[in-house]
Amino acid sequence: MADKSHGPDLILRHEPRDRVLHWLIVIAFVGAAASGMALFHPALYWLSNLLGGGRWSVILHPFVGIAMMLFWVPFARMAWSENRLQPYDRRWLSQIGDVVANRDDRLPDIGKYNAGQKLLYYVMVACMIVLLLSGIVIWRRYFAASFPIGVVRLAGVAHAVAAFVLVLGIVVHVSAAVWVKGSISSMMGGKVTPGWAWKHHRLWFRERIRSQGTR
Amino acid sequence: MALQSLDIRRRSATTTPAPMVRDGATPDVAKLIDTTKCIGCKACQAACMEWNDLRDDIGKNTGVYDNPLDLSGQSWTVMRFAEYENEKGDLEWLIRKDGCMHCEDPGCLKACPAPGAIVQYANGIVDFHEENCIGCGYCIAGCPFNVPRISKKDQKAYKCTLCSDRVAVGLEPACVKTCPTGAITFGTKERMQSDAAERVEQLKTRGFANAGLYDPAGVGGTHVMYVLHHADRPGLYSGLPADPKVSPLVRVWKGATKPLALGALVLAAVFGFVNYVRTGPKEVEPEDELAAQREKEQIHG
Ligand code: HEM
Ligand code: SF4
């Protein structure tokens, strides 16, 4: 599996297709979140400038949101099987104090994603579904008039709540990525060192090494 | 902005004080619509079109007097005609001039995310400033009277201004000026309330035992009020709500939850940063690479 140009040692963590999807999602997310958060609270109205002002934010926001959804669906499908919760995830979660304090040597061996990543994955899936459905209901230009006003009001609240939870989740996601050295470059170039895989995702490391052996 | 001769009491999506130096002298104003005197001639509709320079598209006759059938970006007031058969079996034609009620506690303004797109002047008039409107339609969700409309021409929200431009220079609204029966009057809110009380007494002596003033408390009272023959059943008048309130969903959505949510986001980011600085990055050490190498050799034996 290892690509010769990066040395035979490195382990491929993210396929090129998935890396492209991930960064397209990020770009769309920044656009959708900035234009949406601008309407969330007056203190954030300045964020509407990113897409060219309040009016442009309202025009573009739903389309940018849908673009994000289009990139997200194949990405989330790819990640689905790796995010199934396993017995060791419970133990990992119960030791969250060790995770935060960088005492990684005490943590159980885990697969490609840790329990925190898995829970965040499900939160993202749920938020994206709610954002899409409620977003369509409150889309004034094309759809809102076809729904009863009570449904529009409910969808407005649901959209704001889901957006809040998603943005909070992304704050955690980005913090973790900056914190765990080697993870951002893996989403850029695709590869991690064997030591990285061994330290953070040992079961996945063994699986990858075995599959290399059979090749 | 548009009318600097008036103070601004509330301004949408604004967290600092609105312009308010001209303290004190401006009284609350109100328009009083006496449905018991209205003959449904629509002179007020025509006057509204003329003063505000509005021409709606030619519609279709749907077999009722309502024309146009609904409010729109070009029609800020519409006469609604209801046929009601009373207890004696007689027909009553209940005609209501529909349009913005100019709520004292306006749901549209509460819901609006665009700074200064909706204001309430010191005299209580609620006005949309379309140059700041972003066309999101939140005012529609905020309004308990189903009044604001997004124009198909420019995607901005419009509604009755209570002729704020005329009122600011001491004139009465165009509809008031034109009403041939005196069914629409305008003045201080206090004066309109006392005029209404007199009229209600009169109506009671004439057999309308339930006559009354419509000035709903759920929105803090309104700056457009109705005298109704059947104040106990406002719904008879083409669905005038009996107890209008800004929806609790809109209150939750626009209330204390937002600053709290904003605070939570800031806290999360600060926590992430502080923890990073305190514990340092999660680095892979040379011994991790060695351990990985050892294990790899074991596996491949
Ligand atoms: C990352 C995904 C998204 C985020 C973070 C997000 C965020 C937000 C936020 C914070 C608001 C303001 C809510 C408020 O003021 O209470 C908003 C409004 C809105 N969102 Fe989203 N949203 C997302 C996806 C979508 C999608 C997929 C759609 C369309 C299908 C959509 C359609 C809308 C619409 C129509 C509004 C009303 C205001 C407007 O037209 O801009 N959003 N969004
Ligand atoms: S009737 Fe509707 S549009 Fe008019 S002030 Fe009240 S909430 Fe705003």
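The values are calculated or read from the model by the stated rules, or taken from the named source; none is laboratory data. All values reported here derive from a predicted model rather than from experimental measurement. We place every Cβ from the backbone using ideal geometry, glycine too, and count neighbours over all the protein chains shown. Heavy atoms of the whole protein, side chains included, go into the accessibility calculation; ligands, DNA and RNA do not. Shrake-Rupley method; radii C 1.70, N 1.55, O 1.52, S 1.80 Å.
Laid out as a table, the results:
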| quantity | calculated |
| --- | --- |
| Carbon and sulfur %, accessible surface of segment A:6-125 computed with the full protein complex present, 1.4 Å | 68 percent |
| Projected label distance in nm at B:Asn210 and A:Arg106, using a 7 Å step from Cα toward the beta-carbon | 7.3 nm |
| FRET efficiency estimate (nearest 0.05) - Cβ-Cβ, A:Arg210 to B:Ala242, R0 56 angstrom | 0.15 |
| Peptide A:130-140 - average C-beta neighbours from other chains (10 Å radius) | 1 |
| Chain B: most fluctuating residue of B:Cys179, B:Cys112, B:Cys139 per GNM, C-alpha cutoff 10 Å | B:Cys179 |
| Shape category assigned to segment B:40-110 from the gyration tensor of Cα positions, a/c cut at 1.5 | oblate |
| Rough spin-label spacing in nm, given labels placed 7 Å along Cα→Cβ, for B:Lys152 and A:Ser146 | 1.6 nm |
| Accessible-area order (highest first, 1.4 angstrom probe) of the listed residues B:Tyr158, A:Tyr142 | A:Tyr142, B:Tyr158 |
| Sites B:Tyr276 and B:Glu131 - FRET efficiency at Förster radius 41 Å, r taken between beta-carbons, to 0.05 | 0.40 |
| Partner lysines for B:Lys189 [C-alpha distance under 27 Å; skip if fewer than 8 residues away on the same chain] | B:Lys31, B:Lys37, B:Lys42, B:Lys97, B:Lys110, B:Lys159, B:Lys177, B:Lys204, B:Lys245 |
| Accessible surface of segment B:256-300 [probe 1.4 Å, protein heavy atoms]: carbon and sulfur percent | 68 percent |
| Qualifying trypsin sites (Lys or Arg not before Pro) in segment B:180-226, DSSP loop, other Cβ atoms within 10 Å at most 12 | B:Arg206 |
| Net length gained if the chain between B:Asn86 and B:Asn52 were fully extended (0.36 nm per residue, minus Cα distance) | 8.5 nm |
| Reciprocal of mean inverse Cα separation for segment A:16-180 (Kirkwood radius, Å) | 17.4 Å |
| Contact surface B-A: accessible area buried, both sides summed, square angstrom, 1.4 angstrom probe | 4300 Å² |
| Accessible area in square angstrom per residue, the protein assembly as shown, 1.4 angstrom probe | 49 Å² |
| Cβ-Cβ FRET estimate between B:Glu190 and B:Asn61, R0 fixed at 35 Å, reported to 0.05 | 0.25 |
